[in-house]
1. Quick check on the range 137-174: of everything there that is among the small types (Gly, Ala, Ser) and more than 19 Å from Phe187 (Cα to Cα), which residue is surrounded by the most Cβ atoms within 10 Å (Cβ to Cβ)?
2. Any idea which of (1) surrounded by fewer than 17 Cβ atoms within 10 Å (Cβ to Cβ); (2) under 19 Å from Asn46 (Cα atoms) is the one Thr134 doesn't satisfy?
3. Taking the range 131-182 on its own, how many of its residues are assigned to a strand (DSSP E or B) and touching a His at 6+ places or on another chain (Cβ under 9 Å)?
4. From the residues in the range 119-131 that are touching a residue at least 60 places away in the same chain (Cβ under 8 Å) and under 20 Å from Asn46 (Cβ atoms), which one is surrounded by the most Cβ atoms within 10 Å (Cβ to Cβ)?
5. So which of Ser146, Ser135 is over 16 Å from the mean Cα position of the chain (by Cα), more than 22 Å from Arg24 (Cβ to Cβ) and not β-branched (Val, Ile, Thr)?
6. Filter the range 7-64 down to the residues that are of a type in the set (Lys, Arg) and farther than 28 Å from Asp76 by Cα and list them by number.
7. Of everything in the range 21-39, what is under 20 Å from Leu113 (Cβ atoms) and either hydroxyl-bearing (Ser, Thr, Tyr) or modelled with pLDDT under 90 (or both)? Give them in sequence order.
8. Condition test on Lys19, is it more than 16 Å from the chain's Cα centre (by Cα), without any contact (Cβ under 8 Å) to a residue 24 or more places away in the chain and either surrounded by 14 or more Cβ atoms within 10 Å (Cβ to Cβ) or within 30 Å of Gly184 (Cβ to Cβ) (or both)?
Amino acid sequence: MAKTSVISPVPRLKLLYQKELVPRLQKDLGLQNVNRVPKLEKIVLNVGIGKHKDDKRYYELVVNTLRKITGQQPIDRIARKSIAAFKIRAGMNRIGVSVTLRDKKMYEFMDRLINIALPRVRDFHGVPHKAFDTSGNYSIGIVEQSIFPELNFEDTQLLHGLQINFVINAADKTHSKALLQAFGMPFEKEEKR
């Protein structure tokens with residue numbers, strides 16, 4: 001029997017980036033070299049277990065949530081240093097879980113986040129402008145996981161938040177912001193003073 005290879009479709013945002021956004025951003029940002037155009041490297045999702053570190057049911061719920069919304073198995077995070085106030089010792093396992101998305105899964109997740117999940121946030125006025133770090137990476141926090149349509153009622157019985165980090169290869173914050181705006185990230189309106 002001959003093996004048949006299944007060709008998976010290229011995500012919509014990846015095609016948009018390659019065909020339209022690269023030339024447009026190069027022109028708008030005044031870049032001479034196409035390799036200087038900002039590029040989304042990866043998306044990292046983190047959930048801290050916190051005070052529930054001993055609750056196995058809560059841990060399984062968090063792992064299941066990340067698995068459903070990303071399509072990948074999350075990995076456990078290990079404490080790097082001891083913090084007495086939180087009863088955490090260096091080397092302690094399961095203080096959090098994370099997933100790193102790259103290439104196709106990254107673009108698919110970003111498309112679902114921007115076009116489906118964020119509009120479902122109650123009283124949503126846009127994501128903040130000030131969440132860029134010095135390298136141009138962008139981070140947003142989601143208060144509760146129920147905005148993701150992949151989750152059913154049982155998955156949202158215990159609410160928890162998650163952190164989403166967009167790792168962007170860019171010269172500065174303005175280039176990173178231009179990239180995210182081109183993808184359709186709904187930034188909040190800036191008030192004129």
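The values are calculated or read from the model by the stated rules, or taken from the named source; none is laboratory data. What you see is a predicted model; the values in this text were computed from it and never measured. All Cβ positions, even for glycine, are placed from backbone atoms using ideal geometry, and neighbour counts span all protein chains on display.
1. Taking the candidates together, the pick is Ser146.
2. Of everything listed in (1) surrounded by fewer than 17 Cβ atoms within 10 Å (Cβ to Cβ); (2) under 19 Å from Asn46 (Cα atoms), Thr134 misses just condition (2).
3. 1
4. So the residue we want is Val127.
5. Just one listed residue meets the conditions, Ser135.
6. Arg12, Lys14, Lys19, Arg24, Lys27, Arg36
7. Leu21 - this is the single residue of the range 21-39 that is under 20 Å from Leu113 (Cβ atoms) and either hydroxyl-bearing (Ser, Thr, Tyr) or modelled with pLDDT under 90 (or both).
8. yes
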